[in-house]
Amino acid sequence: MRHLTRMSILDLNLYTTRQLLLLIVTACLLSHSAKADDQKVTIVLAGDSTVTDSAGWGGGFSHLLNANAKCINMAAGGRSSRSFRTEGRWKKCVALKPDYILIQFGHNDQPGKGEVRETDPMTTYREFLRKYVNEAREVGSKPILVTSLTRRRFENGKIQSILVPYAAAVRLIGQELNVPVVDLHTRSILLCEKLGPQGCKEISPKDGTDRTHLNAKGAKLIAPLIVDELRTVSPDLSSFFTK
C-alpha cells in the first residue's frame, strides 16, 4: 500500500513537472511571437468604406504584405475627412504610432452628405488633410495620401467622375507638404475604362449595381494599383510587399 502511495506521488510530481515545462515553453513561444510581431513595420489605413476590408481595397492590400509588415485597418463606412476626426477615429490611429498611415477620403465629403460630413475641396477638405499629415508626423508616423477610388459611372465608354476636385486637392496638399501621394483616382479610372461597364459589374457588390464599393475580386484588382504606386512614391515600403 505504501509502495502504491509512493508511486502515485512520484507520478503526480512527474505530471506536474511536465505541465510546468509545457507552460514555460508555451510562454516563451508566445513572448517570441509577440516580440516578432512588434518588430514588424506597421501600416494603418484611415478612410471610408472604399478602404475597408469588407467593401473596399483594404483586405486586398493586406494580402500583398509579406511577413515583415502588418496592416491595421481603421477605415469605417460612411466617414468623411471631417467625421472621421470628430468621432475620435483619427485619434485612435495616431495613438497606435504606426510607421505609416495611408489616408483616403472624399466620397462622403461631397455635397449632399450633411453638415457633419461635408467639406469643400477648395477649403475645409484641404484643412483637414493638412491636420492629418501634421498630426501623423508629430507622433513619428509617415503619412501617405491616397486620392479617392473612382465611382464606376460611365458615359459613352468613359468614367464620369465627380470626385475630381477632391483628388486634385489631395495632389495639391501632397506638393505643399511634401507628402507621398498614391493617385488611386487616376489609376482606378484607367482600370475601369479598360474593363468597361460590363467588366466593372464583376468587381461590384450587389450584382453589379453598387458602383462605388468593391467585392473580393475588385479588392484584388485595385490593391495592386496602390502597391504599384507606393513602390514609386514611397520606395522605402517596397521591401514589405510580396513580389
Original post:
Of the conditions (1) within 22 Å of ARG130 (Cβ to Cβ); (2) touching a residue at least 24 places away in the same chain (Cβ under 8 Å); (3) exposed (fewer than 13 other Cβ atoms within 10 Å of the Cβ); (4) of a type outside the set (Val, Ile, Thr), ASN68 fails just one. Which one is it?
Top reply: (1)
**OP:** Scan the range 153-206 residue by residue and report those that are touching a helix residue (DSSP H, G or I) at 6+ places or on another chain (Cβ under 7 Å), surrounded by 13 or more Cβ atoms within 10 Å (Cβ to Cβ) and among the charged types (D, E, K, R).
**Re:** ASP183, ARG187, LYS201
Original post:
Which one is surrounded by the most Cβ atoms within 10 Å (Cβ to Cβ), of the residues in the range 115-127 that are assigned to a loop (DSSP other than H, G, I, E, B) and touching a Lys or Arg at 6+ places or on another chain (Cβ under 8 Å)?
Top reply: THR119
**OP:** Just give me the residues in the range 137-160 being β-branched (Val, Ile, Thr) and in a strand (DSSP E or B), in sequence order.
**Re:** ILE144, VAL146, ILE159
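Every number in this text was worked out from the coordinates using simple rules, so none of it is lab data. From a predicted model like this one, the values you see are computed outputs, not experimental measurements. Cβ atoms come from the backbone with ideal geometry, glycine included; neighbour counts cover every protein chain shown.
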